[in-house]
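Please read the structure below before turning to the comments.
The values are calculated or read from the model by the stated rules, or taken from the named source; none is laboratory data. Treat the numbers as computed from the prediction; the structure is a model and nothing was measured. Positions of Cβ are backbone-derived with ideal geometry, glycine not excepted, and every protein chain shown enters the neighbour counts.
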Amino acid sequence: MYIKNVELTRFKSFGSTVSIPLLTGFTVVSGPNGSGKSNILDALLFALGLAGSKGMRADRLPDLVNQAHSKKGRMVEAIVTVTFALEEAEMAALQSEGVEIPTAEGQTIGEWTVMRKLRVTTQGTYTSTYYINGTPCNLSELHEQLAKFRIYPEGYNVVLQGDVTGIISMNSRERREIIDELAGVGEFDRKISTAKDKLDDVKAQEERFRIVEQELIANKEKLKSDRVKAEKYKALRLEYERMEASEAVLQQREITYQQSLRNVELVNNREQCGNIEKSLAELSQVIETGTVQLNELSDRVHTLGEEEYLSVSSNLSGQQAELRGLQRQQQSLTSSYQNNQNHIVSTQEEIDQLLRESEELESQKQFKEESAATAEKARDQQSSIVSQYRKEVQAIASASSEWVRQQTQLRQDVDSAQASLDPQKQEQTRLREVLNQRSLQLESQEKELKEIQAGEGRYAVDMLSNQSLEDALRLQEAEVSGAEALVQTLAKNLAEAQLEVQLQNETIDRITQEQRVKTRQLDKLEAQVQASREVQGTRASQVVIEANMSGVYGLVAQLGLVEPRYQLALEICAGGRLGNLVVDNDEVASEAIALLKRERAGRATFLPLNKLNAAKFPSRTEAQRLGAIDYAFNLVTYEDRYQDVFSFVFGNTLVFENLTQARFHIGKHRMVTLEGEILETSGAMTGGSAPLHSSLHFGNAKPAESSETKQLRDRLLEIDQMLASLNHRLRGALTGIAKYEEQLQSARTTHRESQLKRDRIYEQIERNSRDRTRLQDQIQQTRAAIEIGQSQLSTLDGNIAELEAKLLVKRAELTELEKSGTHTRWLQAQDAMQGQEALLNSAEIELRTAKQQLGELENKHKLALEKMAQRQVRLQELRGTQAELMNSTSQIQHQIKQTEAAIVSYQARLDVLEQTIGAAKQERDACERSLRAQQQQLQQQEWQLQKNRERQTELEQQIAQFTEQLAQIELPDIVPEVPETMTLEQLQLEQRRLLKRIQSMEPVNMMAIAEYEATSQRLDELSSRLETLNQERTELLIRIENFTTLRQRAFMQAFDAVNGHFKEIFNELSDGDGYLQLENPNAPLSGGLTLVAHPKGKQVQNLSSMSGGEKSLTALSFIFALQRYRPSPFYAFDEVDMFLDGSNVERLSKMVRKQANLAQFIVVSLRRPMIEASERTIGVTQARGEHTQVLGLELRSS
């Protein structure tokens, strides 16, 4: 496969369509600077999608279109078509995948075309489309198809000037990533990422199951107590049911007793009724006498003026009621006035708000009117453009009449050729039928020969006939094939098992190495933590705290809390004093020191509360006056008894926001900033980055294990699990290898035996074949006749093939005509017109939208004006109501004054009347009270009599009910024994107590036992699932490690191969030695890659210490090594020899000429050695400074 042709249309410096034919081997493109020769390689990158616009020396894709065309103010296209020539094997591979490959006329080599169109509109927007054999596709589909021909975006098929300098300037890690891409490390990375995602899911699921497990364990413990409670509850319920049975007996006993009590009460009640009736008769006579006396006294009072007294009293009450009503009206009017005033204020505010909204809507309406006018203007302009496009389409359609005439003539020629071809095909069919008949005759003769052979017993071997020999041969062939397939399968399985063992061993070695490294890191971290604790006294403090000594309060860090904002500053300020131990008194400190001596646990500092001296500090105002946040002492929250402790820890240290503010007071105060800088009174300054690790923090008593330590412990635990599983797998794989080796040895023995049997049968068949020679002479005449018929048929086939070839030519001309430019221009014009019509529709929609929005704004403006008018009318009404309320209030006040004057007059008259009839009225009132008391006594006795009679009725009814209840009581079959001393009340009291116990236990889970069993079973199932998840997690970890091993193996295989090629190629180019060096050979994928070269006559150098030419030569050697590792059908170089001297250019040209025997090379160069070494040269120039042209080809013999 090679590039046969490159066609450029309006691409960069190529103004028109330029076709550049190419051949296999070594081709040089040469021309003056700026003539556009490198644009040919950019065209390859553009068409094959091997680079972005930056890689093609353009800021944007539209910049790739020829500037002379793009500045004309119309839509323009840049098109690049690359045609590949395919070998027959490549064509067969593509056709097997369903890809149709056109074949060049008269050649056996097909063509495969890739085209890319870049269309840029007048607005600056663009579209880019790829085509494979004329069919549109996306970039990923194109790359997938190119990969089948060994053309990759990362394969350095096209090497530009920047690629060589890029290899020189890139860092070592980027250089190593080039080999990553070649080795397929990215695929392993994706697999590792997928496995890690699954591992995260498994871990999350395991964590959820752990939470459920803890819930089930807690639920099981809860159900355990519920089960005991349920059994106790059940026993109490049985006791309560027994008491209910005893209650029936006691109820019967109680009802009988109550019935006898009611009978006694009924007799007593009847006697009381007789006594009350006698008393009522006597009291009635006394009341009649008192009534006569009261009437006489009433007449006397009436005569003295009682009616006037009652009238004045009534008028006085009426005036007082009227006064209260007027006062209520006054309060109501006052409230209404205030509410009305509030409505006036709110209405005025609404009017002001509506006025502002109206003004804002007016401004929006003016803006929308301008937008609608602009949209209408744009619509009119687009309408004129569409009319112009329609005229162009009509003109193209008128010009296509000649094309229709030619198409009709070609179709008539095709029909005429088809009419000549049909009779000859009929004759061809007849001859084939005759040949078939003669073939059947020959087959019959051969069958007769087989029957003769079957009838001769002297052909038997091992008691088998000749036919049996054929069957035995087929069976033996099948047996040999089966044995051979079994050997291959077992050999494949054995090889896979050996690869698996190798993979497991590599993974185990790598993980074991990682385990050793991680163990050393963990030991180092633990040693650092232990040393840190020793230095800070943390370990000694921990020993004292764990001793549970009385009077030990804890570390300073435990006893105070600070806001997160001040934590860093205060912890740095306190320093090692955070680890001091606070104790009650010096005696406790002495005991603790003695303990540390006995335990040899180190040293610690103790702060006894009874010996610390209190310090005095200026107020917070003083600190703020200095520009500080506060004294450090005041930023800690603690108990009052620890005040002296924190005054000792922080002293008179001030806390500032930043270093700039604190520097103004340096040397005067001790200061700390929020970022952790400390300024001493001596002038010393301490600062820098914040400490990454700190043992103690405020509110944290015990130093927490660092995240790095925790990660190391978790990783070591995972490694232990993986190693156990891997060793188990390794033992199984080794057992499998031994088994496969045994089976393979047996299968090979069986295979050799089957081959020997088959060979003996072949020998017997050959002997029989010599005997059949005599019979074969008899069918020679039939075969001769068949040959004559085949000769005639061959002649006829040649004539038909010639006619079909002519027919194909006519059809090709017809097809070519139908693909002509007229038809294409009409379609393009039609597409352009449709695009402009779409723009016209968009403009009309935009205009309608603007007008609709303008109408909505006008409606909103009108609505705002109407609301404002309504509010103004409402305001006038409220003001009128306010005046009416003020008048009503004045009238009410006047009426209140008149009513108060009338009340004073009536009160004076009432006082005079009361003095006149007072004595007579008192006597009458006393008589009236006596008479009323006697009447009440009469009523009381009558009520008592009625009550007794009602009670008699009630007692009779109760006695009857008791009788019915006794009849309704059903005693249990087995009457329980109830003590005579126990009453129903006592039983009910016991029942209530028992019921309270039962109710106090409720709610009771009576299904606790069943739930307990179910929970236990579910817990067992969950534990099994957790075990499965643990195994799955281990399997995923092993899979990740195996992928990592394979990833490293693939990289090292690619690295070794590229390194070997680099050594060879660098030696050819420079007569020196060179090699690739990994920065971290033990973990190659974590480091970079360095190019080390030893040019002839010089010392070994790294890439950075070489000259410009040596760097280019070394980089080119690396590129050639990459290409040789992953060969491709073509390569293109763009002036890669520009930094080389003459001798090195000559060596490079020889290398390219050598490589051109394996692939097609297209090199852009101005150097004579490169041009002379090429097989052909393409000249490129730029006509009149505008467009690039190809002047011609200079071909040389090999």
What do you reckon, is Arg603 surrounded by fewer than 21 Cβ atoms within 10 Å (Cβ to Cβ) and not in a loop (DSSP other than H, G, I, E, B)? no
Any residue at all in segment 1057-1078 that's under 37 Å from the mean Cα position of the chain (by Cα), surrounded by 13 or more Cβ atoms within 10 Å (Cβ to Cβ) and in contact (Cβ under 8 Å) with a residue 60 or more places away in the chain? no
Identify, please: which residue in segment 761-770 is out of contact with any Phe, Trp or Tyr (no Cβ under 9 Å at 6 or more places or on another chain) and modelled with pLDDT under 75 and is, among those, surrounded by the most Cβ atoms within 10 Å (Cβ to Cβ)? Ile765
Scan segment 1149-1166 residue by residue and report those that are of a type in the set (S, T, N, Q), surrounded by 20 or more Cβ atoms within 10 Å (Cβ to Cβ) and not in a strand (DSSP E or B). Ser1149, Ser1165
Unique match (being under 38 Å from the mean Cα position of the chain (by Cα), surrounded by fewer than 17 Cβ atoms within 10 Å (Cβ to Cβ) and assigned to a helix (DSSP H, G or I)) among Leu522, Leu499, Leu503: Leu499
Return a yes/no flag: does segment 585-600 have any residue that is assigned to a loop (DSSP other than H, G, I, E, B), polar (S, T, N, Q) and over 24 Å from Phe633 (Cα atoms). no
When segment 563-619 is examined, which residues are found to be closer than 30 Å to Gly688 by Cβ and aromatic (Phe, Trp, Tyr)? Tyr566, Phe617
Which one is surrounded by the most Cβ atoms within 10 Å (Cβ to Cβ) among residues in segment 157-184 that are among the basic types (Lys, Arg) and touching a Phe, Trp or Tyr at 6+ places or on another chain (Cβ under 9 Å)? Arg176
Of the conditions (1) in a loop (DSSP other than H, G, I, E, B); (2) modelled with pLDDT under 85, the single one that Glu675 does not satisfy is (2)
Given the structure, is Thr135 out of contact with any helix residue (DSSP H, G or I) (no Cβ under 6 Å at 6 or more places or on another chain), surrounded by fewer than 16 Cβ atoms within 10 Å (Cβ to Cβ) and within 22 Å of Ala58 (Cα to Cα)? no
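Have a look at Asp1137, Asp1141 and point out the one that is of a type outside the set (A, V, I, L, M, F, W, C), modelled with pLDDT under 85 and closer than 22 Å to Asp42 by Cβ.
Asp1137
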Residue list for segment 126-143, filter: part of a helix (DSSP H, G or I) and in contact with a strand residue (DSSP E or B) (Cβ under 9 Å, 6 or more places away or on another chain): Leu139, Glu141, Leu142
If we ask which residues in segment 1103-1148 are in a strand (DSSP E or B) and closer than 11 Å to Val159 by Cα, their number turns out to be 4
Within segment 31-54, does at least one residue satisfy the condition of being closer than 22 Å to Glu1135 by Cβ, assigned to a strand (DSSP E or B), in contact (Cβ under 8 Å) with a residue 12 or more places away in the chain and over 47 Å from the mean Cα position of the chain (by Cα)? no
Kindly check whether there is at least one residue in segment 185-202 that is assigned to a loop (DSSP other than H, G, I, E, B), out of contact with any strand residue (DSSP E or B) (no Cβ under 6 Å at 6 or more places or on another chain) and not β-branched (Val, Ile, Thr). no
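Listed here are the residues, each with its yes/no results for (1) surrounded by 16 or more Cβ atoms within 10 Å (Cβ to Cβ); (2) on the phi < 0 side of the Ramachandran plot; (3) in a helix (DSSP H, G or I); (4) among the polar types (S, T, N, Q).
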residue: Gln542; (1), (2), (3), (4): yes, yes, yes, yes
residue: Ser550; (1), (2), (3), (4): no, yes, no, yes
residue: Gly554; (1), (2), (3), (4): no, no, no, no
residue: Ala557; (1), (2), (3), (4): yes, yes, yes, no
residue: Gln567; (1), (2), (3), (4): yes, yes, yes, yes
residue: Leu570; (1), (2), (3), (4): yes, yes, yes, no
residue: Ala574; (1), (2), (3), (4): yes, yes, yes, no
residue: Val582; (1), (2), (3), (4): yes, yes, no, no
Give me the residue from segment 106-132 that is within 15 Å of Phe84 (Cβ to Cβ) and charged (D, E, K, R) and, out of that set, surrounded by the most Cβ atoms within 10 Å (Cβ to Cβ). Arg116
One residue is enough: does segment 216-224 have a residue meeting the conditions closer than 24 Å to Glu1027 by Cβ, surrounded by fewer than 13 Cβ atoms within 10 Å (Cβ to Cβ) and either within 30 Å of the chain's Cα centre (by Cα) or not hydrophobic (A, V, I, L, M, F, W, C) (or both)? yes
Do you know which residues across segment 55-86 are of a type in the set (D, E, K, R), at pLDDT 80 or above and either assigned to a strand (DSSP E or B) or under 23 Å from His143 (Cα atoms) (or both)? Arg60, Glu77
Out of curiosity, is Thr795 hydroxyl-bearing (Ser, Thr, Tyr), assigned to a helix (DSSP H, G or I), surrounded by 14 or more Cβ atoms within 10 Å (Cβ to Cβ) and modelled with pLDDT of 80 or more? no
State whether one or more residues within segment 216-234 are among the hydrophobic types (A, V, I, L, M, F, W, C) and either closer than 30 Å to Ala967 by Cβ or free of Cβ contacts under 8 Å to residues at least 40 places away in the same chain (or both). yes
